[in-house]
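Following: one structure in structure tokens, then a few remarks.
The values are calculated or read from the model by the stated rules, or taken from the named source; none is laboratory data. On a predicted model such as this, the values are computed, not experimentally measured, just so you know. Cβ: placed from backbone, ideal geometry, glycine included. Neighbour counts: every protein chain shown. These accessible areas exclude ligands, DNA and RNA; they are computed on the full protein's heavy atoms, side chains included. Shrake-Rupley method; radii C 1.70, N 1.55, O 1.52, S 1.80 Å.
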Amino acid sequence: MLEQKMKIALNQQVNAELWSSYLYLSMSYDMGGKGYEGMASWFAAQAKEEFEHAGRFMKFIGEREGKVKLMPIEAVKQTWDTPKDAFEDTLKHEKIVTEKIHKLMDMAVELKDYATQNMLKWFIDEQVEEEDAVRNILEKLQRIESSPAGLYALDKQLGKRGND
Ligand code: MG
């Protein structure tokens, strides 16, 4: 069984993952509305992944005889001036998520909760990948600056996510 403290923290992480999903959904519609269809689909895929992350935490809480508590999801930002702004916010957000996962791991270690530690290892690796992927996109955006041709090509490339 999960310790109370761990259960509360994991339920908070469910909310954080759902909030992430909400954030990327908002970015998806904003980018789509601005004509960046590829980025819109990239962020939609990202939103779906975050929803799945919430699912992993919920499944785990259930398996450890805990009760999943779905809490209200706070509103997210609705608009970004440029794709670069959206991806900068994405990287900032993913760094915060990484910290949250690390804090959960600290707690699991402190409580000698080995099953939770094992479950969290997947998320630790996932965060390394997430940050790296977003950093790569940001590097490209920096190189492109505001070149329409460059943005067009990158948008097309990002639109291929999930289709390969
Ligand atoms: Mg996540």
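With r defined as the distance between the Cβ atoms of residue 111 and residue 68 and R0 fixed at 30 Å, what FRET efficiency is calculated, to the nearest 0.05? Please list the in-between numbers first.
Details: r = 19 Å, r/R0 = 0.64.
It comes to 0.95.
Please give the length that would be gained between residue 102 and residue 161 if that part of the chain were fully extended, namely 0.36 nm times their separation in residues minus their C-alpha to C-alpha distance (nm, one decimal).
Details: separation 59, 0.36 × 59 = 21.24 nm, distance 2.76 nm.
Full-extension gain reported as 18.5 nm.
Give the carbon-plus-sulfur fraction of the accessible surface of the chain in %, rounded to a whole number; probe 1.4 Å, heavy atoms of protein chains only.
Numbers: 5100 of 9360 Å².
Looking at the chain in its full context, I get 55 percent from C and S.
Taking a threshold of 32 Å on the Cα-Cα distance, which of the pairs 48/69; 77/100; 100/140; 7/160; 48/140; 67/121 fall above it? Display every interim value, and only then the final one.
Working: 48/69 20 Å; 77/100 21 Å; 100/140 28 Å; 7/160 38 Å; 48/140 24 Å; 67/121 22 Å.
From the list (48/69; 77/100; 100/140; 7/160; 48/140; 67/121), the Cα-Cα distance tops 32 Å for 7/160.
Determine Rg/Rh for the chain; Rg is computed over alpha-carbon atoms and Rh is the Kirkwood hydrodynamic estimate from the same atoms. Before the final figure, lay out each step's value.
Numbers: Rg = 17.3 Å, Rh = 16.8 Å.
Using only Cα positions, Rg/Rh for the chain is 1.03.
Less than 13 Å Cβ to Cβ from residue 145, Lys/Arg counted +1 and Asp/Glu -1: what total charge do the surrounding residues give?
Working: positive: 84, 140, 143; negative: 139.
Every neighbour counted, the sum reads +2.
Just how far, in whole angstrom, is the range 4-40 from the range 116-164 if you go by their alpha carbon centroids?
Going from one Cα centre to the other spans 15 Å.
When the dipole is taken about the Cα centre of the range 4-158, and only Lys, Arg (+1) and Asp, Glu (-1) are charged at their Cβ, what size is it in debye, to the nearest 20? The partial results should precede the final answer.
Values: 21 positive and 27 negative charges, 94 e Å.
Using only the charged Cβ atoms, the result is roughly 460 debye.
Report, in deg cm²/dmol and to the nearest 500, the calculated mean residue ellipticity at 222 nm for the chain, where each DSSP H run with n ≥ 4 adds -39500 (n - 2.57) and the sum is divided by the residue count. List each step's numbers first, then the result.
Working: 5 runs with 127 residues, N = 164.
It lands at -27500 deg cm²/dmol.
Within the chain, what's the longest stretch lacking GluC sites (Glu not before Pro) that sit in DSSP loops with no more than 10 other Cβ atoms inside 10 Å? Could the numbers behind the result be given before it?
Details: sites that count: 65, 74, 145.
Result for the longest clean stretch: 75-144.
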